[in-house]
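Worksheet: one structure, shown below.
Please treat every number below as a calculation from the coordinates, not as lab data. Fair warning: this is a prediction, and the values are worked out from it, not measured in the lab. FYI the Cβ positions are ideal-geometry reconstructions off the backbone, even for glycines, and counts take in every protein chain you see.
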Amino acid sequence: MEKSLPVAERPRRPEWMKVRAPSVNSRYFEVKGLLRQGGLHTICEEARCPNIGECWGRGTATFQILGDTCTRACRYCDVHSGKPDSPPDPLEPLRLAQAAAQMGLSHVVVTSVDRDDVPDRGAGHYAATIRALQRKLPESTVEILTPDFLDIEEEALATVLAARPDVFGHNIETVRRLHARMRGAKASYDKALWLLRRVKELAVYRVMTKSGIIVGLGETNDEVVDTMRDLRAHDVDVVTIGQYLQPTPKHAEIDRWVHPEEFRWFREQGEALGFGSVFSGPLVRSSYRADEQRHAVETGRGAVAY
Ligand code: SF4
C-alpha cells in the first residue's frame with residue numbers, strides 16, 4: 001500500500017497554479033443560477049475544477065449528463081463514485097438545451113459520468129442531448145467527452161455518431177505505464193486509442209477528435225510525448241495537457257508540479273507531431289476554452305500554451 005508523505009514534505013502549490021476568485025462583474029452567478037434552475041450538473045463543480053471562476057465568468061460551463069454518480073473510481077477523479085440510484089432522466093437533454101440557449105453558447109460541451117449499469121452505457125442519452133442542442137441552437141457546435149462504453153463500444157459509437165457531434169472527445173488521461181493503476185481494470189490505454197480511431201472510421205461526416213492527458217501522476221516527460229505520438233497515430237486532432245491536482249487525501253498523490261516551461265515543451269512536441277491544436281498549460285483541462293481549441297484547428301492556428 002502506498003505511504004502518504006508527511007504534510008511538511010508534500011510539495012506546495014506553486015505560484016503558477018494560483019487562480020483568481022470569480023468577479024462580481026462576471027457572468028459567474030448568472031451561469032450558476034441557470035444551472036440550478038435547470039437542475040443540471042457540471043463537471044466544473046463535480047470535479048472541483050480550478051478554472052470555474054474564469055469559465056463561468058465567461059458565461060461557459062461543461063455540462064455533466066447521466067447523473068452525478070459514476071460507476072468507476074479513477075484514482076485522480078473527484079466525481080462521486082458508487083451505484084447510481086436512478087436511470088438517466090429523459091427530460092435532462094431538453095433542460096440542458098434550454099440552459100445552453102439561455103447562456104447563449106455558440107459551442108456547447110457535454111460530458112458524463114460512466115454508466116456501466118445501464119444497457120446502452122448512456123449512448124442513447126448522449127444522442128438525445130446532441131439532438132436537443134441541435135434543435136434549440138442550430139447555429140452552435142456540440143462537443144462531447146465520452147466514457148469508453150464498456151463492452152458495447154461499437155454499437156454505442158454508432159448511436160452517438162448518428163447524432164453527429166462536431167467534436168468527439170475521449171480522454172486517454174495518463175501514460176501507458178500508469179493507466180491500469182490510475183484507471184482500474186475496466187479501462188485500457190489501447191481501448192481508448194482504438195475508440196478514438198474508430199470514431200473517425202465510423203463517422204460519415206467530418207468529426208474532430210480530441211483527447212486529454214493529466215500530468216503530475218508519476219509519468220516522465222518522454223512518456224507524455226510517447227502518449228501524444230500514440231494519439232496522433234490514431235488520427236486525433238486535438239490534445240490537451242494539464243497539471244493533476246489531488247482532490248482529497250484519498251486520491252493519488254501529486255508526483256510533481258510540472259513547470260510552465262515543460263508545458264511549453266509539450267506544446268512544441270505536439271505541434272511537431274502534427275496535432276491541429278495542442279492546449280498545454282498548468283490549468284488546462286480538456287474542456288478549458290474548448291471553443292478556442294476547436295477554432296484553433298478550424299483556422300490552422302495550432303498550438304497554445306497557457
Ligand atoms: S475547464 Fe472545463 S471543467 Fe473546468 S471550469 Fe472550465 S469548463 Fe468547467
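Here are some notes:
- Taking the square roots of 5 times each eigenvalue of the Cα gyration tensor of the chain, largest first, gives ellipsoid semi-axes of 27, 22, 21 Å.
- Three-way shape label, the range 8-72, alpha-carbon gyration tensor, a/c 1.5: oblate
- Full extension of the chain between ARG48 and ALA101 yields a length gain of 16.7 nm, computed as 0.36 nm times the residue separation minus the alpha carbon distance.
- The Cα center of the range 33-82 and the Cα center of the range 211-284 differ in position by 21 Å.
- Most to least packed among 39-52, 279-292 [average Cβ atoms within 10 Å]: 279-292, 39-52
- Most mobile listed residue (ASP222, ASP235, ASP116) in the chain, GNM with C-alpha springs under 10 Å: ASP222
- Extension gain, THR299 back to TRP16 (0.36 nm per residue minus Cα-Cα distance, nm): 99.0 nm
- Since only LEU150, ALA128, VAL160 are under comparison, the one whose Cα sits farthest along the positive direction of the charge dipole of the chain, derived from C-beta charges on Lys, Arg, Asp and Glu, is ALA128.
- The phi torsions of the range 190-203, fed into the Karplus equation with coefficients 6.51, -1.76 and 1.60 and a -60° offset, translate into couplings of 5, 5, 4, 5, 4, 4, 5, 5, 5, 4, 5, 5, 7, 5 Hz, rounded to whole numbers, with Gly and Pro shown as x.
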